[in-house]
């Protein structure tokens, strides 16, 4: 992480302390139960509005949208308004504090809106975006951003966290930041993802930040080094689905350490080859036993493959957005 020197500016009665941080990573927080007391929430709303609107008035709404894309700045804002510094609820509280005064009903006045949120509100994100069509925003593109970002953090990135918060912060000029959060119930942890880019795509990692204090082995197709893997996935879609199912059967056999008929009837070189493949698989299983395990629902895989091969277009984004 690189941190610039702290800049302190005075403007009338205001003192602004600005620390600009650059981090590439996700925010990881313990899962907590409970609610913010109503009287404290009202104070949070008043203070949150004062800070946010000052930034909008002085630097513009685009700047606030950009700052919220930094997981450390987001967490600092959370701390300043009085929320617990290490709680999964910090994401919910900050989003709803902002949404209390910056929403689709006030967008015309302040040029800033938070759409989506937690649970049911997350599922209503696209409906809220469509409501902003009257303000000449590119609603089709923002719908695309919403859908693709959700797929990126749940399909292209498989880290064991299930998304339950999905929100966008939008400006009148069309700037956007996606803020999402997933939970891992077994670890009692939540992880927050920030996406901010001019053009969202799975070809490059769009995350503006993910700050975490835990590391684990995950499937991350957004990493630059995963380009060849994504290309291989697309190449496989040109194959006959039956051939892919045969590949899966071979991998399942290796994962289960089942000897094939060919191993029993072939010469010693095949035996050695099988042993070499088995050692590679053993290594991968030790790296992550959850990810490297036999696929059991072959029928579902077959149905999905047959459907994707018939309807697939040409790039990885469209594959991620494929229903099913």
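Only the coordinates and a few stated rules stand behind these numbers; no lab work does. Please read these numbers as outputs of a predicted model, since none were measured by experiment. Neighbour counts are summed over all protein chains in view; Cβ atoms, including those assigned to glycine, are modelled from backbone coordinates with ideal geometry.
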FRET efficiency for residue 131 and residue 322, using Cβ-Cβ distance with R0 set to 30 Å, rounded to 0.05: 0.65
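Given a cut-off of under 8 Å on Cα pairs at least six residues apart, what relative contact order in percent is computed for region 42-103? Working shown, then result.
Values: 38 pairs, mean separation 24.2, N = 62.
So the answer I get is 39 percent.
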With R₀ set to 56 angstrom, the calculated FRET efficiency between the beta-carbons of residue 173 and residue 282, to the nearest 0.05, is 0.55
Highest to lowest packing among 43-49, 174-180, 243-249, scored as the average C-beta count within 10 Å: 174-180, 43-49, 243-249
For residue 141 and residue 42, calculate 0.36 nm times their separation in residues minus their Cα-Cα distance, and state this gained length in nm to one decimal. 32.2 nm
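Would you mind getting me the FRET efficiency between residue 109 and residue 258? Use the beta-carbon distance for r and R0 = 45 Å, nearest 0.05.
For residue 109 and residue 258, the calculated efficiency is 0.10.
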With a 10 Å radius around each residue's Cβ, average the other Cβ atoms per peptide and rank 94-102, 231-239, highest first. 94-102, 231-239
Residue-span extension gain [residue 291 to residue 86] - 0.36 nm each, minus C-alpha spacing: 70.9 nm
Which length gain, in nm to one decimal place, applies between residue 79 and residue 124 when the Cα-Cα distance is subtracted from 0.36 nm times their residue separation? 13.4 nm
